[in-house]
Amino acid sequence: MSAPANPLEALPFVQALQESTALFIGIGTVHAAGFILLAGSAFFLDLRILGVAKALSVRELSRLLRPWSWAGIALLVPSGLLLFLAEPATLLTSKVFQLKMALLLTAGMNAAGFLSGPWTTAKDWDTGVPSPVAARASAAASIVLWAAIVACGRMLPYR
């Protein structure tokens with residue numbers, strides 16, 4: 001048997017992941033749960049920023065959702081790395097994977113722009129006041145980006 005082209009493929013846990021459908025599906029399920037937590041938290045905050053339930057404090061909602069977002073990230077990052085290690089060469093050449101990563105980067109930049117911009121004035125539009133246009137634009141972009149990231153993730157097995 002020849003050595004794998006990628007030295008990471010020689011690692012026992014990577015080989016187990018490549019050989020075990022149940023393990024691969026299990027890690028994929030953890031990855032999906034992480035997306036549900038992170039994107040779901042973002043979705044509910046985005047809806048509030050877009051004007052749904054204006055009587056609810058946007059800062060309090062953010063405080064309540066933050067632990068769920070972090071839990072999502074805690075599931076997503078390691079499970080995503082494991083899924084990537086199972087087939088790095090295939091994923092790196094996949095246009096769908098490349099698009100998913102570009103969308104993920106864009107979503108991160110959108111979040112960073114929101115946190116360093118409109119969010120700094122959240123006390124002024126916390127309850128009962130429409131969010132500023134920049135905050136609403138960021139929230140709408142967030143919803144579209146996360147939906148597209150999920151769609152790309154769902155398309156990956158069918159490439």
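Throughout, read-outs are computed from the coordinates displayed, never taken from laboratory work. Computed from a prediction, not measured in an experiment: that's the story for all the values here. Neighbour counts run over all protein chains shown; Cβ positions are idealised from the backbone, glycine included.
Brief remarks on what is shown
- Residues that are within 14 Å of residue 47 (Cβ to Cβ) and surrounded by 14 or more Cβ atoms within 10 Å (Cβ to Cβ) within the stretch 121-139 comprise 131, 135, 136, 138, 139, listed in sequence order.
- Filtered by the rule that a residue be under 22 Å from residue 38 (Cβ atoms) and in contact with a Phe, Trp or Tyr (Cβ under 7 Å, 6 or more places away or on another chain), the stretch 90-134 gives 91, 107, 131.
- Restricting the stretch 33-51 to residues that are surrounded by fewer than 20 Cβ atoms within 10 Å (Cβ to Cβ), free of Cβ contacts under 8 Å to residues at least 60 places away in the same chain and within 10 Å of the chain's Cα centre (by Cα) leaves a set whose member that is farthest from residue 114 (Cα to Cα) is 36.
- Scope the stretch 113-159; condition farther than 15 Å from residue 59 by Cα and not in a helix (DSSP H, G or I); matching residues: 159
- Of all residues in the stretch 59-95, exactly one satisfies the criterion of being surrounded by fewer than 17 Cβ atoms within 10 Å (Cβ to Cβ), hydrophobic (A, V, I, L, M, F, W, C), touching a residue at least 24 places away in the same chain (Cβ under 8 Å) and over 30 Å from residue 118 (Cβ atoms), namely 89.
- Identity of the residue in the stretch 81-121, β-branched (Val, Ile, Thr) and under 17 Å from the mean Cα position of the chain (by Cα), that ends up nearest to residue 20 (Cα to Cα): 96
- Among the residues here, residue 56 does not qualify as in a helix (DSSP H, G or I) and either surrounded by 15 or more Cβ atoms within 10 Å (Cβ to Cβ) or more than 15 Å from the chain's Cα centre (by Cα) (or both).
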